[in-house]
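Student: This is the structure I have questions about; it appears just below.
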Amino acid sequence: MGHPFRDVAIVGVHNTKQARVLEGHDSQSIALEAGLGAVADAGLEPRDIDGVVGGIASNFLFQSRIGPAWRSMSPLGIPAVIEGAMAIACGLANNVLIATGEAGSYRQHASTAPWTRPTNEFVAAYGMFTAAEFALMARRHMHMYGTTPESMAHVAATIRNNGHVNPDAVYFGRGPFTAADVLESRMVADPFHLLDCAMTSEGGTALVLTRADRTEDTAKTPVFLLGGGTDHFGPSYQHPPVWDLGGVRRPDLVAGLVGRRAAEEAFAAAGLGPSDVDVCEFYDPFSFELIRQFEAFGFCAEGEGGDYVMSGVIEPGGRHPITTDGGTMSFSHGGASVQLFQRVIRGVQQLRGECISSQVHGAEVAMCTGGGSGALFTDVLLLGKDRP
Amino acid sequence: MSLLVPQAGDIPLPQPGPLSEPYWQGCREGVLRFQRCLDCSAATHTPALLCAACASRSLEWVESSGQGEIYSWTRVWRPVTPAFLTPYVPIIVAMDEGWFILSNLVGCEGDAVAIGKRVEVVFHPSGGTDDIFLPYFQLVS
């Protein structure tokens, strides 16, 4: 049997303008802008799209009158990309548009963003939100391995400096930052300072997948899905985020290592390993998550992630540069789902060689991720320039 | 410094459902309950239909000693909503019977928190009625 995604290619990607506030937009309108941008980036017309992913993409489906068409309601990042790819691989659609956006849903900042706040009866009364959920994971790691706030701050400064030099980032020009700047910012949820955390913003994003044998008709260099996987333990933010939470089938794969199975599957499908990854477009809700992901994915041993990120590998020019557009800390965190696609968008841009900042020269393989331990899920997608 | 206290503001309160009502009824009575499997004896929390260890449906509600040790913690300075007074200290407690609970630490200074410290449950009426008593934890002196 051939590679499951041999006949699938990503041929269009687009981020709309990202901003703290996008005046004149709501979530529907900015998602539509994103979808049109991705279709144009692919060199296609809306009428070429015969499949859409995401509830909000239904609006694109209706407005452009491309129905009847295949539709999935999968909303959250990499699983949606994999589902779109499966639709093409299974012959259910030829050109799939995945689009989302968020604007106007969070502009009063007295409370944390609505997507950060669980409503569950066993956590909400205790003042939980995403920073606290992830902090409980980080604190356990610090206890087990002696991981330091300085190593987390180094991650945050590195990502924020990628955004500082990216003209498309919401926080373009807001740096440069040192680890000391991060450590001196006000405490949000110990051990996370303000600059260890994602921001909130607005924006849209979209991508187009097509059948690999049709890429002669598309505008840009196709990018291929070498492998992917999704690791989930259940609903996010409803149960205590316990590092040692394990499952009955693989008790070694505890929640603190969530993403390991997904990475193993992705690397196996690709015939690659961590040393083959040229760009680490890792999801960055909080600085600690990158330390954890390097351990979970096998770039370094468990407990060594703190030293690993301090060893010169994650900066521009390092062997495994991270989150090269500034991520959710500096590029954008557009809501409940937008940013969960944007590691894939950036991975595609890196492999095309079209990044206007922090381009990794000659990049052949990008590893894109979403989620995190505090949310009890991590998704992985390996992208490459060569058809698998 | 100031003593950590239970939240007194208009915080989001649990709305017990059919599965969780025995848990919250226990809290009203000053008893912390969890589910134990009649087949394999494993402990389960949060309230569930299935045993977390063997997926048996034969679960019974039993009383916890209310004692355990701090497994992880954070101290929050940016409140989730303005109703929460800061700082507050979310903790995960590893209960002596082998289950985990999320709560807040109260009754001590915020910087007294540490992984491994012994804690015990205390109940506080919340929301201005007798409907909900939230379990909090305090250090065992």
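The values are calculated or read from the model by the stated rules, or taken from the named source; none is laboratory data. All of these numbers come straight from a predicted model, not from anything done at the bench. Backbone-built Cβ (ideal geometry, glycine too); neighbour counts: all protein chains shown.
Student: Could you identify the single residue in A:A87, A:A31 that is surrounded by 19 or more Cβ atoms within 10 Å (Cβ to Cβ) and closer than 30 Å to B:V80 by Cα? Let's see the steps before the verdict.
Tutor: Numbers: A:A87 fails: closer than 30 Å to B:V80 by Cα.
Just a single option satisfies the conditions, and that option is A:A31.
Student: Hey, any hits in the stretch B:57-76 for a residue that's among the β-branched types (V, I, T) and within 17 Å of A:E121 (Cα to Cα)?
Tutor: Initial filter on the stretch B:57-76 (among the β-branched types (V, I, T)): B:62, B:70, B:74, B:76.
Next, from what is left, pick out any that are within 17 Å of A:E121 (Cα to Cα): none.
No, the stretch B:57-76 contains no residue that is among the β-branched types (V, I, T) and within 17 Å of A:E121 (Cα to Cα).
Student: Then there's this: What residue, among those in the stretch B:47-65 that are assigned to a loop (DSSP other than H, G, I, E, B) and not aliphatic (A, V, I, L, M), is nearest to B:V119 (Cα to Cα)? Can you show your working first?
Tutor: Filtering the stretch B:47-65 for residues assigned to a loop (DSSP other than H, G, I, E, B) gives B:47-58, B:64-65.
When the remaining residues are screened for being not aliphatic (A, V, I, L, M), the result is B:47, B:51, B:54, B:56-58, B:64-65.
Details: B:P47: 22, B:C51: 26, B:C54: 29, B:S56: 30, B:R57: 31, B:S58: 30, B:S64: 13, B:S65: 11 Å.
My answer is B:S65.
Student: Go through the stretch B:66-91 residue by residue and tally those that are more than 8 Å from chain A (Cβ to nearest Cβ), more than 22 Å from A:H141 (Cβ to Cβ) and in a loop (DSSP other than H, G, I, E, B).
Tutor: 4
Student: Given the residues A:A125, A:A87, A:A110, which is the only one that is touching a Ser or Thr at 6+ places or on another chain (Cβ under 9 Å) and under 20 Å from A:A34 (Cβ atoms)? Steps first, please.
Tutor: Numbers: A:A125 fails: under 20 Å from A:A34 (Cβ atoms); A:A110 fails: under 20 Å from A:A34 (Cβ atoms).
Step by step, each of A:A125, A:A87, A:A110 is checked, and only A:A87 is touching a Ser or Thr at 6+ places or on another chain (Cβ under 9 Å) and under 20 Å from A:A34 (Cβ atoms).
Student: Out of all the residues in the stretch A:68-102, which are in a loop (DSSP other than H, G, I, E, B) and in contact (Cβ under 8 Å) with a residue 40 or more places away in the chain?
Tutor: The initial filter retains those residues of the stretch A:68-102 that are in a loop (DSSP other than H, G, I, E, B), namely A:68-69, A:73-77, A:90-94.
Of everything in the stretch A:68-102, those that are in a loop (DSSP other than H, G, I, E, B) and in contact (Cβ under 8 Å) with a residue 40 or more places away in the chain turn out to be A:P75, A:L76, A:G77, A:L92, A:A93, A:N94.
Student: Among the candidates A:V313, A:V338, which residue alone is among the aliphatic types (A, V, I, L, M), at negative phi and over 13 Å from the mean Cα position of the chain (by Cα)? Lay out the reasoning, then the answer.
Tutor: On the way: A:V338 fails: over 13 Å from the mean Cα position of the chain (by Cα).
Just a single option satisfies the conditions, and that option is A:V313.
Student: Could you say whether any residue in the stretch B:72-79 is farther than 30 Å from A:A113 by Cβ and either out of contact with any Ser or Thr (no Cβ under 8 Å at 6 or more places or on another chain) or among the β-branched types (V, I, T) (or both)?
Tutor: Residues of the stretch B:72-79 that are farther than 30 Å from A:A113 by Cβ, as a first pass: none.
No, the stretch B:72-79 contains no residue that is farther than 30 Å from A:A113 by Cβ and either out of contact with any Ser or Thr (no Cβ under 8 Å at 6 or more places or on another chain) or among the β-branched types (V, I, T) (or both).
Student: So which pairs qualify, if the first residue must be in the stretch A:105-129 and over 11 Å from A:T200 (Cα atoms), the second must be part of a helix (DSSP H, G or I) and of a type in the set (D, E, K, R), the Cβ gap must be under 9 Å, and the two must be at least 6 apart or on different chains?
Tutor: Partner pairs satisfying both residue conditions: A:P118/A:E133; A:V123/A:E133.
Student: Moving on to the next point. I need a count of the residues in the stretch B:51-74 that are among the aliphatic types (A, V, I, L, M), free of Cβ contacts under 8 Å to residues at least 24 places away in the same chain and touching a strand residue (DSSP E or B) at 6+ places or on another chain (Cβ under 8 Å).
Tutor: Filtering the stretch B:51-74 down to residues among the aliphatic types (A, V, I, L, M) leaves B:52-53, B:55, B:59, B:62, B:70.
Checking the rest, the ones that are also free of Cβ contacts under 8 Å to residues at least 24 places away in the same chain come to B:52-53, B:55.
Right, trim to touching a strand residue (DSSP E or B) at 6+ places or on another chain (Cβ under 8 Å) and you get B:52-53.
Qualifying residue count, the stretch B:51-74: 2.
Student: Quick one: in the stretch A:92-109, which of the residues that are over 21 Å from the mean Cα position of the chain (by Cα) and at pLDDT 95 or above is nearest to the other protein chains (Cβ to nearest Cβ)? Reasoning before the result, please.
Tutor: Within the stretch A:92-109, the subset over 21 Å from the mean Cα position of the chain (by Cα) is A:92-95, A:104, A:107-109.
From what is left, the residues that are at pLDDT 95 or above are A:92-95.
Working: A:L92: 34, A:A93: 37, A:N94: 42, A:N95: 42 Å.
Once the filter is applied, the top-ranked residue is A:L92.
Student: Taking the stretch A:38-67 as the search range and keeping residues that are touching a Ser or Thr at 6+ places or on another chain (Cβ under 8 Å) and part of a loop (DSSP other than H, G, I, E, B), which one is nearest to A:I98 (Cα to Cα)?
Tutor: Taking the candidates together, the pick is A:G54.
Student: Here's a follow-up. Would you pick out the residues in the stretch B:19-46 that are part of a loop (DSSP other than H, G, I, E, B), more than 19 Å from the chain's Cα centre (by Cα) and either modelled with pLDDT under 95 or within 19 Å of B:D96 (Cα to Cα) (or both)?
Tutor: Across the stretch B:19-46, the qualifying residues are B:L38, B:C40, B:S41.
Student: Where residues in the stretch B:16-50 are in contact with a strand residue (DSSP E or B) (Cβ under 9 Å, 6 or more places away or on another chain) and within 20 Å of A:S236 (Cα to Cα), which of them is farthest from the other protein chains (Cβ to nearest Cβ)?
Tutor: Filtering first and then ranking leaves B:L49.
Student: Look through the stretch A:230-248, keep the residues that are outside any loop (DSSP other than H, G, I, E, B) and either of a type in the set (V, I, T) or surrounded by fewer than 22 Cβ atoms within 10 Å (Cβ to Cβ) (or both), and return whichever of them is farthest from the other protein chains (Cβ to nearest Cβ). Don't jump to the end; show me each part of the working.
Tutor: First, the residues of the stretch A:230-248 that are outside any loop (DSSP other than H, G, I, E, B): A:230-232.
Within this subset, residues satisfying the condition of being either of a type in the set (V, I, T) or surrounded by fewer than 22 Cβ atoms within 10 Å (Cβ to Cβ) (or both) are A:230, A:232.
Details: A:T230: 22, A:H232: 16 Å.
Filtering the stretch A:230-248 for residues that are outside any loop (DSSP other than H, G, I, E, B) and either of a type in the set (V, I, T) or surrounded by fewer than 22 Cβ atoms within 10 Å (Cβ to Cβ) (or both), the one farthest from the other protein chains (Cβ to nearest Cβ) comes out as A:T230.
Student: To continue, here is another question. Test each condition in (1) in a loop (DSSP other than H, G, I, E, B); (2) more than 10 Å from every other protein chain (Cβ to nearest Cβ) for B:I115 and report the one that comes out false.
Tutor: The number of the failed condition is (2).
Student: For a quick check of your reading of the model, give me the residue pairs whose first member lies in the stretch B:94-109 and is more than 12 Å from every other protein chain (Cβ to nearest Cβ), whose second is assigned to a strand (DSSP E or B) and of a type in the set (F, W, Y), with beta-carbon atoms closer than 9 Å and at least 6 apart or on different chains.
Tutor: Taking only residues 6 or more apart or on different chains, the pairs are B:E97/B:F34; B:G107/B:Y136; B:G107/B:F137.
Student: Go through (1) touching a residue at least 40 places away in the same chain (Cβ under 8 Å); (2) over 13 Å from A:T210 (Cα atoms); (3) not polar (S, T, N, Q) one by one and return the number of the condition A:A9 breaks.
Tutor: (2)
Student: Which residues, taken from the stretch A:310-338, are touching a strand residue (DSSP E or B) at 6+ places or on another chain (Cβ under 8 Å) and outside any loop (DSSP other than H, G, I, E, B)?
Tutor: Taking the stretch A:310-338 and keeping what is touching a strand residue (DSSP E or B) at 6+ places or on another chain (Cβ under 8 Å), we get A:314, A:320-324, A:329, A:332, A:334-338.
The answer is A:I322, A:M329, A:V338.
Student: Out of the helices (runs of 4 or more DSSP H) lying entirely within the stretch A:110-222, which hold 1 or more residues that are surrounded by fewer than 21 Cβ atoms within 10 Å (Cβ to Cβ) and at the interface with chain B (Cβ under 9 Å from one of its Cβ atoms)? It would help to see each step written out before you state the result.
Tutor: Numbers: elements: A:130-145, A:149-164, A:179-184.
The helices (runs of 4 or more DSSP H) meeting that bar are A:130-145.
Student: Taking the residues in the stretch B:51-65 that are out of contact with any Phe, Trp or Tyr (no Cβ under 8 Å at 6 or more places or on another chain) and aliphatic (A, V, I, L, M) as candidates, determine which candidate is farthest from the other protein chains (Cβ to nearest Cβ).
Tutor: First, the residues of the stretch B:51-65 that are out of contact with any Phe, Trp or Tyr (no Cβ under 8 Å at 6 or more places or on another chain): B:51-60, B:63, B:65.
Within this subset, residues satisfying the condition of being aliphatic (A, V, I, L, M) are B:52-53, B:55, B:59.
Values: B:A52: 8, B:A53: 7, B:A55: 8, B:L59: 16 Å.
Selected residue: B:L59.
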